[in-house]
Amino acid sequence: MIKPALTPDCTNCAALCCVVFAFDKSESFAVDKAAGEVCANLDGCGRCKVFSKRQELGFKGCIAYDCHGAGQRVTQEVFGGKSWRNDTGLTIRMGAALSVLRRIHEQLVMLRTAGNLPLEAEERLTAQALEESLSPENDWTEGTLQAFPIDAICRDVATFLRGLRHHVTGVNGHN
């Protein structure tokens, strides 16, 4: 099993987070943006025109967002480097793929973090099995992402992680 990188690489992504997600004007975002609408701050090359000034201009949500590496995988692995910029018909499809793959990557982040705990052998095996269920032998495709039982796997991961509380709490249930 190849462990995917769980850090974003925006240079290999099609700026999916700047297009597929909606956001409302708030303390996190200076403007409203509908899902599928290209962010006004995105330049023609797919880069943020206000990247270095996001905080000052009211885009704290952009700073806080982390796709955990799902964006570049959707762009490169699932869509073979294609982009919604060249084919607007891909916007919804890429967004759907990102929605599932980001959740998969979130689960992997939590499992890898749990792996830093002094797990018992059975717990380590369970963590490994869960991670394997989130990491197919072959590349993800639109079809495998659509068919993937993400809600069930997320429940299984949450149940497993709740069972690890004894590793992080004291005898009285306090740190």
With the 8 Å Cα cutoff and a minimum separation of six or more residues, the stretch 105-175 has a relative contact order in percent of 41
Just the isolated ones, please: cysteines in the chain lacking another cysteine beta carbon under 4.7 angstrom.
Cys10, Cys13, Cys17, Cys45, Cys48, Cys62, Cys67, Cys154
Once both label points are put 7 Å beyond Cα along the C-beta direction, the Lys49-Glu120 separation in nm becomes 5.9
Please sort through the DSSP H helices of the chain and keep those with an alpha-carbon extent of at least 15 Å along the long axis and a Kyte-Doolittle average not below 0.0.
90-114, 150-162
Please report the relative contact order for the chain, taking Cα pairs under 8 Å with a sequence separation of at least 6, and give it as a percent rounded to a whole number.
23
Globularity ratio of the chain, using Cα Rg and 2.2 N^0.38 Å:
1.17
Once every DSSP H run of n ≥ 4 in the chain is given -39500 (n - 2.57) and the sum is divided by its residues, what mean residue ellipticity at 222 nm do you get, rounded to the nearest 500 deg cm²/dmol?
-11500 deg cm²/dmol
Entries of Lys49/Lys82; Lys3/Lys53; Lys33/Lys82; Lys33/Lys53; Lys3/Lys49 with Cα pairs more than 27 Å apart
Lys3/Lys53; Lys3/Lys49
Treating only the Cβ of Lys, Arg, Asp and Glu as charged (+1, +1, -1, -1), what charge dipole size does the stretch 1-92 show about its Cα centre? Round to the nearest 20 debye.
180
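Every read-out reported here was derived from the displayed coordinates using simple, explicitly stated rules and does not represent laboratory data. Given the structure is predicted, the values throughout are model-derived calculations rather than measurements. Virtual Cβ from ideal backbone geometry, glycine too; neighbours counted across all protein chains shown.
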